[in-house]
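The values are calculated or read from the model by the stated rules, or taken from the named source; none is laboratory data. None of the values given here were measured: they were computed from a predicted structure. Using ideal geometry, Cβ is built from the backbone for each residue, glycine included, and neighbour counts are taken over all protein chains shown. Each accessible area value is taken on the protein alone, full model and side chains, heavy atoms only, with ligands, DNA and RNA left out. Shrake-Rupley method; radii C 1.70, N 1.55, O 1.52, S 1.80 Å.
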Amino acid sequence: MRKKLYRLDRAGLSSLFDVLKQEGYLVYGPTLCDHAIQWLPLSSLDDLPAGWTTSTAPATYRLLRDSAGSLFHYWTGPDSLKKVLHPARACITHAERDNGSFRIWNETPQPVKRAFFGTRACDLAAVTALDRVLLQDRFEDDIYKANRAAAFFVAVHCTSSAPTCFCASTGTGPQARSCFDIALHERSPQEYLAEPGSASGSAALEKLAAPLAPPEWAKELAESCTHAAAAQQRRIDLNTAPVVISLNFDHPRWDHVAKRCLSCGNCTSVCPTCFCVNFEDHTSLDLQQAERLRLWDSCFSQNFTYIHGGSIRLSPKSRYRHWLSHKLARWQEQFGTSGCVGCGRCIAWCPAGIDITEEIAALQTTTHAAAMTGVSNHGN
Amino acid sequence: MSSKNAKPRVAVFKFASCDGCQLSLIDAEDQLLAISGAIDIAYFPEASRRMAKGPYDIALIEGSITTHHDADVIQQVRRQSKTLISIGACATAGGIQALRNWKDVSEYVRLVYAKPDFISTLKMSTPIAEHVPVDMELRGCPINKEQLVEVISATLAGRKPNLPTYSVCIECKRRSNVCLMVACGTACLGPVTQAGCGGLCPSMGRGCYGCFGPMESSNAPGLAERFRILGVPQADIERSFRTFNAWAWQFRKVSEEVHPQ
Ligand code: SF4
Ligand code: SF4
Ligand code: SF4
């Protein structure tokens, strides 16, 4: 059975927002805050950055005016859904002395119904990747599980891309294909195509009593997305990346990147799929109470590999190499998916302007060159 | 601790410094009652008239060593203290007064004092660790009172304190701050500075000033290069590394490398 596609005008879009509110969702969306478009709770769709766009390049992100007045003419920003679904800081366990005895209890995650209005294809792919790691592995993450179960995604297809985007090559965008409850295509600031992706998405759209969209709109959307994909300036070949990385453990490029890399951990923090955490135990001064905190960690920190006797990855070079290898190769072995969804955040938000696509390409080119040199040198 | 049930005896000593770090202890008002209940403050001239003799379980040392007298006293303090903790940029890196290390201090003395002959000072301002073994360092100008309370409570509980050595960026990102370097082109020392302040300045829209000194694997030359690309004049790059932690070797070295000839 073909899915029903709806046509929403600007008022229809607001009604969708109202329906979500009525159903008890706290609606998050992109909104202007501190020089960037960030994910924050919206009080109405008027909080969307209408008439704003962004410009990104390595180590650069700027807000610009957009004359068309679009609601969704910008791409990924400094934060992602990770900050809500897999929070940077959480208290997980408490302990308390109790009249000579001892009490210990875990924090029970309180599920909050949240709708994310304006998620991009790459962000949904990142959620799918986090699902694989935090829900479908040997252990389930309680906090993520609770947040994820109560999440509703209103996707927005990308019909153009930022210079830092490379989702076409990672197969994760620019058109949202799965994991959404509703997907929107902004044809103009006044006209939207809405497609349900789940039963609850269908139900929400039904309530709007919106007219059906002309069938050719779906085709037009697919064409626009194909066009956006073809216009992307960056790419990564995920098929060859694991081999290229394993062949180049001692490549001089790692020294080259280590000179520029600041080991600051911004890349892992902004990456929507980097999930690593660390734990800290804290005790009160009167020694009556203790709590265990869970905090975002980064493989760029020295303590990340601390075991008895010291850290394993002491040099920044080994840390960058680990990060790139995990993102582009080891994830595939470990989780059967790529750790990179092509969102380009790590490129824009690296203060040193290190570009993951450029780094892997540098390894790749010289791998080929070396292979060819091997051939031409034959008989020398 | 001296005996099983006795409260640990704590002493606070000061060398060349502004007192700001010691004040953090007094400033921890809400926790102060708990602190004074948990420890025995044996020597803390800034806060109490009581000046009990050593030995001490914990000595908190503020300030850098700038005189012959200081250099002697710190030896005595070390002999009397079980655990010696340097607190603040002066004690851990030599402080802002270490700027004298690049100059001839006798010239300053002649300029400042009416009777320079009365002044006896060392050529350099140096951190405590250059004089005696130090058990722990609390960075910052000033230190973060939460970190101080953390060190005290960890010591009481017999656990290792949580003192991160990674970059300020990690704290900034956990707070969901938007990176000022990337979004505004502001020079920020966060990527090479040790966490501990919670990303204070970037949260207020200012680039990090590097109060907590170099982080664990600080790539200061890499950041200086980025500053240059952002259009920061060479003299300002040098100056940005020559503040409270100027004499910490990573910052010292990069400031000397970018120093205009
Ligand atoms: S790659 Fe960039 S963001 Fe990541 S640690 Fe290195 S300098 Fe920081
Ligand atoms: S590695 Fe970079 S481009 Fe890939 S998903 Fe993470 S932040 Fe996005
Ligand atoms: S990476 Fe793809 S899906 Fe993500 S914002 Fe860019 S174009 Fe859209």
(Q) Just to check your reading of the model, which residue among A:ASP255, A:ASP286 is more than 10 Å from ligand 1 (Cβ to nearest atom), facing chain B (nearest Cβ under 10 Å) and either open to solvent by 50 Å² or more (accessible area, probe 1.4 Å) or part of a helix (DSSP H, G or I) (or both)? (A) A:ASP286
Q: Take the stretch A:33-46 and flag every residue that is open to solvent by 50 Å² or more (accessible area, probe 1.4 Å) and either outside the structural domain of A:SER15 (by TED's automatic domain parsing) or in contact (Cβ under 8 Å) with a residue 12 or more places away in the chain (or both).
A: A:HIS35, A:LEU40, A:PRO41
Q. Residues of the stretch A:260-278 being more than 10 Å from every other protein chain (Cβ to nearest Cβ) and in a strand (DSSP E or B), which ones?
A. A:VAL277
(Q) I need every pair where a residue in the stretch B:87-110 that is outside the structural domain of B:ASP19 (by TED's automatic domain parsing) and open to solvent by less than 50 Å² (accessible area, probe 1.4 Å) has its Cβ under 8 Å from the Cβ of a residue that is outside any helix (DSSP H, G or I) and modelled with pLDDT of 95 or more, sequence separation at least 6 or different chains. (A) none
Q | Of residues in the stretch A:289-319 being in contact with a strand residue (DSSP E or B) (Cβ under 7 Å, 6 or more places away or on another chain) and more than 10 Å from every other protein chain (Cβ to nearest Cβ), the one farthest from ligand 3 (Cβ to nearest atom) | A | A:GLN289
Q) Mind checking which residues of the stretch B:179-196 are more than 7 Å from every other protein chain (Cβ to nearest Cβ) and either more than 24 Å from A:LEU314 (Cα to Cα) or of a type in the set (Phe, Trp, Tyr) (or both)? A) B:LEU180, B:GLY185, B:THR186, B:ALA187, B:CYS188
(Q) Please go through (1) out of contact with any Asp or Glu (no Cβ under 8 Å at 6 or more places or on another chain); (2) under 24 Å from B:LYS173 (Cβ atoms); (3) open to solvent by 30 Å² or more (accessible area, probe 1.4 Å); (4) not in a loop (DSSP other than H, G, I, E, B) for A:CYS91 and return the number of the only condition it doesn't satisfy. (A) (1)
Q: Look at A:LEU81 and say whether it is within 14 Å of chain B (Cβ to nearest Cβ), surrounded by 14 or more Cβ atoms within 10 Å (Cβ to Cβ) and free of Cβ contacts under 8 Å to residues at least 60 places away in the same chain.
A: no
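Can you find even one residue in the stretch A:156-167 that is modelled with pLDDT of 95 or more, out of contact with any Cys (no Cβ under 9 Å at 6 or more places or on another chain), more than 16 Å from ligand 1 (Cβ to nearest atom) and on the phi > 0 side of the Ramachandran plot?
No, the conditions are met nowhere in the stretch A:156-167.
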**Q.** helices (runs of 4 or more DSSP H) contained in the stretch A:122-239 and holding at least 2 residues buried (at least 16 other Cβ atoms within 10 Å of the Cβ) and within 16 Å of ligand 2 (Cβ to nearest atom)
**A.** A:167-170
Q) Can you name the residue in the stretch A:325-354 that is hydrophobic (A, V, I, L, M, F, W, C) and in a helix (DSSP H, G or I) and is also nearest to ligand 2 (Cβ to nearest atom) among such residues? A) A:CYS346
(Q) For the structure I just gave you, tell me whether B:SER176 is surrounded by fewer than 20 Cβ atoms within 10 Å (Cβ to Cβ), within 13 Å of chain A (Cβ to nearest Cβ) and farther than 30 Å from B:LEU32 by Cα. (A) yes
**Q.** Condition broken by B:GLU257, with the remaining ones in (1) within 14 Å of chain A (Cβ to nearest Cβ); (2) modelled with pLDDT of 95 or more; (3) outside any loop (DSSP other than H, G, I, E, B) satisfied
**A.** (2)
Q: Could you list, in sequence order, all residues of the stretch A:310-324 that are within 15 Å of ligand 2 (Cβ to nearest atom) and surrounded by fewer than 19 Cβ atoms within 10 Å (Cβ to Cβ)?
A: A:HIS322
Q.
For a quick check of your reading: which helices (runs of 4 or more DSSP H) sit entirely within the stretch B:51-157 and have at least 3 residues that are closer than 28 Å to A:SER284 by Cβ?
A. B:88-93, B:145-157
